[in-house]
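Read the structure below first, then the notes.
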Amino acid sequence: MKTVIVIAAIAATVILMSHKVHDNNISKEKAELKDFSKPDEVREFPKGKVELVKIGNATVGRATFQPGWKWSESVQPLAKTKSCTAPHFQYHVSGTIMVKMDDGTLLECKPGEVSLLPMGHDAWVVGDEPAVVVDFQGMIDYAKTKKN
């Protein structure tokens with residue numbers, strides 16, 4: 001139950017912050033409901049995938065990383081950057097991810113935690129369980145192939 005409340009609070013904050021307020025201070029947006037079982041887009045990469053849903057003015061991503069996944073091995077060849085340049089604001093649903101920031105800071109992200117990661121990091125799955133995160137910020141361009 002605590003997990004559901006945290007996810008709902010984060011999602012509500014992001015959605016509310018992304019909606020425009022009109023002159024009369026009443027939003028004219030319509031209510032929406034989306035389901036990750038029917039994502040708007042799916043991006044697959046070695047040992048992982050990202051499912052995206054677009055809702056209101058926001059894009060929310062659910063990433064699943066299999067054991068053995070590491071950003072610098074699975075996504076870096078697509079991104080063609082030294083480290084991950086996507087900032088992330090994410091809720092950790094399951095599994096454990098170790099994050100190493102470019103400045104050397106290490107963060108071990110576990111289920112039930114929320115992380116805010118600025119651009120400039122590598123990450124990998126720790127252990128034998130897939131890691132699942134719901135990201136409210138950094139998945140719009142995540143794992144898209146960059147052209148030289």
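Just so you know, all these numbers are worked out from the coordinates, no wet-lab data involved. Here the structure is a predicted model, which is why all the values come from computation and not from measurement. A quick note on method: Cβ atoms are made from the backbone with ideal geometry, for glycine too, and the neighbour counts reach across all protein chains shown.
Residue by residue, what Karplus-based ³J(HN,Hα) values in Hz, rounded to whole numbers, does the stretch 116-133 have, using 6.51, -1.76 and 1.60 with θ = phi - 60° and x for Gly and Pro?
Going residue by residue, I get 10, 10, x, 4, x, 7, 10, 7, 7, 7, 9, x, 9, 9, x, 9, 10, 10 Hz, with x marking Gly and Pro.
Less than 15 Å Cβ to Cβ from residue 106, Lys/Arg counted +1 and Asp/Glu -1: what total charge do the surrounding residues give?
-2
With +1 assigned to the C-beta of every Lys and Arg and -1 to the C-beta of every Asp and Glu, and no other charges, what is the dipole magnitude of the stretch 54-148 about the Cα centre in debye, to the nearest 20? Provide the component values of the computation, followed by the final result.
On the way: 10 positive and 10 negative charges, 100 e Å.
Dipole of the stretch 54-148, to the nearest 20 debye: 480 debye.
In nanometres, what is the gap between the two model label sites at residue 107 and residue 32, each 7 Å from Cα along Cα-to-Cβ?
The answer from the label model is 2.6 nm.
Wrap a convex hull around the Cα atoms of the stretch 28-148, take a quarter of its surface area, and give that in square nanometres.
Its average projected convex-hull area is 8.1 nm².
Which peptide among 112-121, 69-78, 33-42 comes first, and what is the full order, when sorted by highest mean count of other Cβ atoms within 10 Å?
The most tightly packed comes first, giving 69-78, 112-121, 33-42.
When the convex hull of the C-alpha atoms of the stretch 70-136 is computed, what volume per residue in Å³ does it have?
Each residue corresponds to 81 Å³ of Cα convex hull volume.
Once both labels are modelled 7 Å past Cα along the beta-carbon direction, what's the residue 54-residue 76 spacing in nm?
3.2
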